[in-house]
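Data first, discussion second: the structure below is written as structure tokens.
The values are calculated or read from the model by the stated rules, or taken from the named source; none is laboratory data. Bear in mind that the values here come from a model prediction, so they are computed numbers and not experimental data. As a convention, Cβ positions derive from the backbone with ideal geometry for all residues, glycine included, and neighbour counts pool all protein chains shown. Note: accessible area is taken over every heavy atom of the protein model, side chains too, but ligands, DNA and RNA are not part of it. Shrake-Rupley method; radii C 1.70, N 1.55, O 1.52, S 1.80 Å.
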Amino acid sequence: MELIDSHAHVDDSRFDEDREAMFERTRDAGVTTLLALGTGPGPHKLDAAMPFAEAYDWIYTTVGIHPHEAKDVTQGHLDELARLAKHPKVIAWGEIGLDYFYDHSPRDVQERVFRAQMELAAAAKLPIIIHCRDAWADCMRLIEEVWRPTGLGGILHCFTSTLEDARRGIEMGFMVSFAGNSTYPKTQNLRDVAKVLPLANILIETDAPYLAPQPYRGKRNEPAYVAEVARILASVRDLPADEFAARTAGNFRRFFRLDGLRVSAAAES
Ligand code: NI
């Protein structure tokens, strides 16, 4: 089975004890490519995932500041992100957005930092990875206003909203990514969305170490478990798991042009 984990936090300290073994299990599970989010522990460490993208050819990374930490952001941090974004293994900007569930930062500050990062991502010509929790109306409004005109698209990560929002995202050039929470008994609503969206717009992820899929729920999540997300969503789509996994992997490679085009594009810039 060929799998791609479109969203994992492999720099997390919960992997410090066994990171190499975790990477081996990831490869053994069939994961050919992984997107390691660069948001790290916060804006004091903006290159948290860079060492892994540099050490492994199958790992790519992002730059960005999570909405939780919006209140700590300085102009210096934004300048540093713009510099890091030029690294050839950085293929997206994120995760960025709004989180009204935790409200770790005031909402107006979250919006200001979200807007600022969309402008930087546009200048860097990178797609964005959206983190949105209990803030879908505002996220969609800001994407429509600030991001849609760029045509760069992105990923609605750990999708938790309605079919209508998923379709609106796709219209604006986004892929819709389902995480481990889409396997839980109480999230039939997410499986209903995954069942009817165009398969070409679906990605799968772990969001490791968070949100372990059903058989591992409550434990530390790791990228190898993306196989479980594939297995459950494949059954929802009435497809063999290996076919669903291969299609979503193909979607990721096509979206990020990881077929050689990207290398030449990076060499030109
Ligand atoms: Ni995440």
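Of note:
- R133 vs. criteria under 16 Å from L156 (Cβ atoms), without any contact (Cβ under 8 Å) to a residue 40 or more places away in the chain, within 16 Å of the ligand (Cβ to nearest atom) and open to solvent by 20 Å² or more (accessible area, probe 1.4 Å): yes
- Contacts under 6 angstrom Cβ, first residue in region 1-29 being farther than 12 Å from N221 by Cβ, partner within 15 Å of the ligand (Cβ to nearest atom), 6 or more apart: L3/V226; S6/L35; S6/S177; S6/L203; S6/E205; D11/G40; D11/A48; D11/A49
- Test: residue in region 71-91 that is within 19 Å of L35 (Cβ to Cβ) and within 15 Å of the ligand (Cβ to nearest atom): no
Residues are listed down the side, and each one gets a yes or a no for (1) open to solvent by 20 Å² or more (accessible area, probe 1.4 Å); (2) of a type outside the set (A, V, I, L, M); (3) not in a helix (DSSP H, G or I):
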{"site": "I155", "(1), (2), (3)": "no, no, yes"}
{"site": "A166", "(1), (2), (3)": "no, no, no"}
{"site": "G169", "(1), (2), (3)": "no, yes, no"}
{"site": "K195", "(1), (2), (3)": "yes, yes, no"}
{"site": "L203", "(1), (2), (3)": "no, no, yes"}
{"site": "N221", "(1), (2), (3)": "no, yes, yes"}
{"site": "V226", "(1), (2), (3)": "no, no, no"}
{"site": "D242", "(1), (2), (3)": "yes, yes, no"}
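- Looking across region 1-12 at every residue that is within 16 Å of the ligand (Cβ to nearest atom) and over 21 Å from D72 (Cα atoms), the one that is surrounded by the most Cβ atoms within 10 Å (Cβ to Cβ) is identified as D5.
- Given (1) open to solvent by 40 Å² or more (accessible area, probe 1.4 Å); (2) in contact with a helix residue (DSSP H, G or I) (Cβ under 7 Å, 6 or more places away or on another chain), index of the condition Y210 fails: (2)
- From the list I143, I170, I155, the one residue that fits, being closer than 19 Å to D5 by Cβ, among the β-branched types (V, I, T) and at pLDDT 95 or above, is I155.
- Residue in region 182-189 that is among the polar types (S, T, N, Q), buried (at least 20 other Cβ atoms within 10 Å of the Cβ), within 16 Å of the ligand (Cβ to nearest atom) and not in a helix (DSSP H, G or I) present: no
- Residue tally, condition more than 24 Å from E80 (Cα to Cα), open to solvent by 20 Å² or more (accessible area, probe 1.4 Å) and not charged (D, E, K, R), over region 19-57: 3
- Pick from region 98-120, criterion over 15 Å from P43 (Cα atoms) and in contact (Cβ under 8 Å) with a residue 40 or more places away in the chain, ranking: surrounded by the most Cβ atoms within 10 Å (Cβ to Cβ): L98
- Residue count, region 58-84 (criterion: part of a loop (DSSP other than H, G, I, E, B), crowded, with 16+ Cβ neighbours inside 10 Å and more than 16 Å from the chain's Cα centre (by Cα)): 1
- Filter pass, E145 being within 20 Å of A92 (Cα to Cα) and either within 16 Å of the ligand (Cβ to nearest atom) or not in a strand (DSSP E or B) (or both): yes
- Filtered residues of region 18-46 (kept if hydrophobic (A, V, I, L, M, F, W, C), within 16 Å of the ligand (Cβ to nearest atom) and part of a loop (DSSP other than H, G, I, E, B)): L37, L46
- Restricting the first member to region 193-213 and to residues that are farther than 9 Å from V176 by Cα and in contact (Cβ under 8 Å) with a residue 60 or more places away in the chain, and the second to residues that are away from the ligand (no atom under 16 Å from the Cβ) and among the small types (G, A, S), the beta-carbon pairs closer than 9 Å and six or more apart or on different chains are T206/A224; A208/A224.
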